[in-house]
1. Residues of region 70-86 with backbone nitrogen within less than 17 Å of a virtual label 7 Å along the Cα-to-Cβ line of THR54, please, listed as ranges.
2. Can you give me the relative contact order of region 21-89 as a percent, contacts being Cα pairs under 8 Å and 6 or more apart?
3. Please state the charge dipole magnitude for region 21-89, taken about the Cα centre, from unit charges on C-beta atoms (+1 on K and R, -1 on D and E), reported in debye and rounded to the nearest 20.
4. Suppose R0 equals 25 Å. What FRET efficiency, 1/(1 + (r/R0)^6) with r the Cβ-Cβ distance, do LYS73 and ASN20 give to the nearest 0.05?
5. Test of understanding: ordering ILE48, ILE81 by Cβ neighbours within 10 Å, fewest first, what list do you get?
6. Multiply the residue separation of LEU63 and ASP87 by 0.36 nm, subtract the distance between their alpha-carbon atoms, and state the gained length in nm to one decimal.
Amino acid sequence: MAITFSVELTPKRPISKHYNVVMIGAGTGGIMIAAQLKNKKNDLRIAIIDPAETHYYQPAWTLVGAGIFDYEKTGRPMKSIIPAGCDWIQDAVT
C-alpha cells in the first residue's frame, strides 16, 4: 500500500529539485528514518527540512540532568549529521 500526498511549499528561497521523500524535522527520528530509507533504496531523493544550525541529541539530556553527561557534548553541527545523499533544506515549515 502506498500513501501519496501533495504539499505546497513557499520557502524563503526557491527549491529547484523534486524529492520522493521530504522529512520535516531533523531530530533523531527524522535523521534515522532518512538514513534507513536511503540505505534500503539508494536512488530515493530525500530532503530534510529543519532551520536549526545545531542538532541536539535530546535523549542524553536526562543524563545531563543527572549530572553524569556534559550538555556541550549533546550538540553537533546539523550539516554533520545529515545522511549522505540527502539534502538539508535549512528552512522552517509553518
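1. Label zone hits: 70-82.
2. Numbers: 92 pairs, mean separation 26.8, N = 69.
Taking the mean separation of contacting Cα pairs over the length of region 21-89, I get 39 percent.
3. Working: 7 positive and 6 negative charges, 61 e Å.
Once rounded to the nearest 20, the dipole reads 300 debye.
4. 0.15
5. In increasing order of surrounding Cβ atoms, one gets ILE81, ILE48.
6. Extending this stretch completely gives an extra 5.5 nm.
Only the coordinates and a few stated rules stand behind these numbers; no lab work does. Please read all numbers here as calculations on a predicted model, not as lab measurements. As a convention, Cβ positions derive from the backbone with ideal geometry for all residues, glycine included, and neighbour counts pool all protein chains shown.
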